[in-house]
């Protein structure tokens, strides 16, 4: 398989779990991509295909998403982070720059705090530590099935209203499977692990000394200005960028703008 035209797809066993991954490119500095809740490794496809000429890119399906294993019991954030770490170490993908969107960024905070020597930089995509006492309210569960692609497309546009047209089609291609009656169903969606990421991450942030970029969606309310100020006060190497017209789904809403900001950051630190 030609790595220059298609990603290399594989599975590995880590901490007892089966992890699915994609590798793009064959040379250059190493990047590890961790997607948001409800997405999968392919949700970075546009970014990965654009950067693969210059970097080696490893994108995981986190547990209970995409083609990775669905745990029988909830998995905590620290345990999940160790699962990802064993995975990228098996593949020799370190030191790397970790790019984590939402829950992927939470995993990244733990890893870059505890294993600084394995990272050259960190990109946090619309995510920050949250008050662990804050009650988590999960989003409404998706329908059990969809009659056809148009039905699924309507769901995607309602669930992610700012999603670019390319990523609507990307999700149709990779996020669904068909049942025995030919109806579309969402693949693993994170229901088992959804509550696991909500731990106090501020102590981890205080230990992160590597260059860090925080990218915010202008239309997202997940990270408050007060939180950004607190992050700046304890992370002297933090840069912050905001993308207009993007919701929490920054890489999928505004892929061109997202890529430009990340590329500029990578050029500065590598």
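Of all the Cα-Cα pairs you can form in the range 133-239, what percent are over 16 Å apart? Present the calculation step by step, with values, prior to reporting the outcome.
On the way: 4011 of 5671 pairs.
Of the Cα pairs, 71 percent sit more than 16 Å apart.
Based only on other Cβ atoms within 10 Å, what is the fewest-to-most ordering of 89, 194? Spell out each step's value before the answer.
Details: 89 13, 194 17.
Fewest-to-most Cβ neighbours within 10 Å comes out as 89, 194.
Give me the percent relative contact order of the chain, please, defined on Cα pairs under 8 angstrom at least 6 residues apart. If you can, show how the numbers build up before the last one.
Working: 533 pairs, mean separation 52.6, N = 270.
Relative contact order comes out at 19 percent.
Can you pull the Kirkwood radius for the chain, inverse mean 1/r over Cα pairs, to one decimal in Å?
18.7 Å
What FRET efficiency comes out for residue 180 versus residue 78 if R0 is 45 angstrom and r is the Cβ-Cβ distance? Round to the nearest 0.05.
For residue 180 and residue 78, the calculated efficiency is 0.70.
Using only helices, what value at 222 nm comes out for the chain when you add -39,500 (n - 2.57) per DSSP H run of length 4 or more and divide by the total residues, to the nearest 500 deg cm²/dmol?
-9500 deg cm²/dmol, from helical runs alone.
Starting from the Cα of residue 6, step 7 Å along the direction of its Cβ; do the same at residue 202; then give the gap between the two resulting points in nm.
5.0 nm
Quick one: divide the alpha-carbon radius of gyration of the range 1-95 by 2.2 N^0.38 Å and tell me what you get.
1.04
Over the range 18-129, what is the relative contact order in whole percent, taking alpha-carbon pairs under 8 Å and six or more residues apart? Don't jump to the answer; show the numbers that get you there.
Values: 220 pairs, mean separation 32.8, N = 112.
Relative contact order for the range 18-129 comes out at 29 percent.
With the cut-off at 1.5 for a/c, could you classify the range 29-148 from its C-alpha gyration tensor as rounded, prolate or oblate?
oblate
Rounded to the nearest 5, what % of the DSSP beta bridges within the chain are antiparallel ones? Before the final figure, lay out the partial values.
Details: 18 of 44 bridges.
Rounded to the nearest five, the antiparallel share is 40 percent.
No lab work stands behind these numbers, since they all come straight from the coordinates. Fair warning: this is a prediction, and the values are worked out from it, not measured in the lab. Heads up, the Cβs are rebuilt from the backbone with ideal geometry, glycines too, and the neighbour counts pull from every protein chain shown.
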